[in-house]
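Remarks on the structure that follows.
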Amino acid sequence: MSLTGLTGLGDAARQQMLQRDGTRLRAALQRLTTEMASGRHADLGRATGGDFTPLAELGRSLRLTEGFARSIAEAGMMAGARQAALARVEAGVEGLAPQLLGLVAQGSLQDVTLAVADAGDRLDAVVSALNTRLAGQSLFAGNAPDRPALIPAQEMLAALRPLAAAAGTPADMVAAVEDWLRAPGGGFETDAWQGGPGPAAPAILGEGLSVETAVSARDPALRELLSGLALAALAAEGVGPAAGEGRRAVAEAAALRLESGEEALIRLRSDLGQSEARIEEARSATEAARAALELETARLTDADPYRTATDLKSVETRLEALYLLTARLSRLSLSEYL
């Protein structure tokens, strides 16, 4: 309103109009300053035209996506830790089977004895790997991650020594050890296994999408390796039929089980690797989905910096003009008016 127009009003009406305009402009200035600092609309109702439905749907989808992202990250971490533990298992038996098979065929009994001398340490290393924990969870204990998967290796050997000592022949000894470790309901399942009765839950990667990353120490491949190492360790001790020339036969049986166990372990790690690949694919897809949702949310909630700066300058100019007008009116006298 012009100065002439305002002077035609009464003092009370003029003051009320100036106060109203000043309040409105100061509120606009505060809103635009906040938007310039935060980069977001201060009044979402005004920015969305009062329809919050799209924004609410985006928020729900974003929260769901972030939940999947956390689950995927945890699955990747657990799968990676299992893969690393299985690599230690593989390292614990690496080279022993071909070495024993060669020495059994052509080496002396002393050579065979030297070859199996560290089998007990190897068994201990493999059992320790299968008892690996990550973030307080046992990796190979099935659906009881709060417990270790297996008893210590020395406790296994302590349970196997009486069985080996009671065997009449190397073949009987091999059968007794293998039954304890591999037979359903045998000593391994009743005494050595400390994990849960069922498998670990699959990892959730998205809506209706999951992947198996769990590997149990009860897996036949791992029990085959444990069987071979236990036989080799008992052969090194010379227990029962493993004394004298019987050691050669027990060592050969150990080597054959280690050989087949290693082949099965490779397949086991390959399957786990495929699961890791699916987790990585899900991670990439989830990150892309989250980025798209964040971009769409920003489109609704973020203020245009150029437009905000332009509006801010306009409001500042109008507010300065209002202050100047108010000052001039406050100095207005009858003589100046006339």
Pairs, first in contact (Cβ under 8 Å) with a residue 12 or more places away in the chain in region 65-80, second open to solvent by 30 Å² or more (accessible area, probe 1.4 Å), C-beta under 6 Å, six or more apart: Thr65/Ala289; Thr65/Arg290; Ser71/Ile204; Ile72/Arg283; Ala79/Glu276
Restricting the search to region 133-147, which residues are open to solvent by less than 60 Å² (accessible area, probe 1.4 Å), in contact (Cβ under 8 Å) with a residue 40 or more places away in the chain and part of a loop (DSSP other than H, G, I, E, B)? Leu139, Phe140, Ala141, Gly142, Ala144, Pro145
Out of all the residues in region 192-207, is one or more open to solvent by less than 10 Å² (accessible area, probe 1.4 Å) and assigned to a helix (DSSP H, G or I)? yes
For the subset of region 164-186 comprising residues that are among the small types (Gly, Ala, Ser) and assigned to a loop (DSSP other than H, G, I, E, B), which member is nearest to Leu225 (Cα to Cα)? Ala183
Of the residues in region 225-267, how many are under 43 Å from the mean Cα position of the chain (by Cα) and over 27 Å from Arg88 (Cβ atoms)? 0
Being open to solvent by 40 Å² or more (accessible area, probe 1.4 Å) and in a helix (DSSP H, G or I) narrows it down to one residue among Arg223, Arg161; which is it? Arg161
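The values are calculated or read from the model by the stated rules, or taken from the named source; none is laboratory data. What you see is a predicted model; the values in this text were computed from it and never measured. For neighbour counting, all protein chains shown are included, and Cβ atoms are generated from backbone atoms with ideal geometry for every residue, glycine included. Quick note on the areas: whole protein, heavy atoms, side chains included, nothing else; ligands and nucleic acids left out. Shrake-Rupley method; radii C 1.70, N 1.55, O 1.52, S 1.80 Å.
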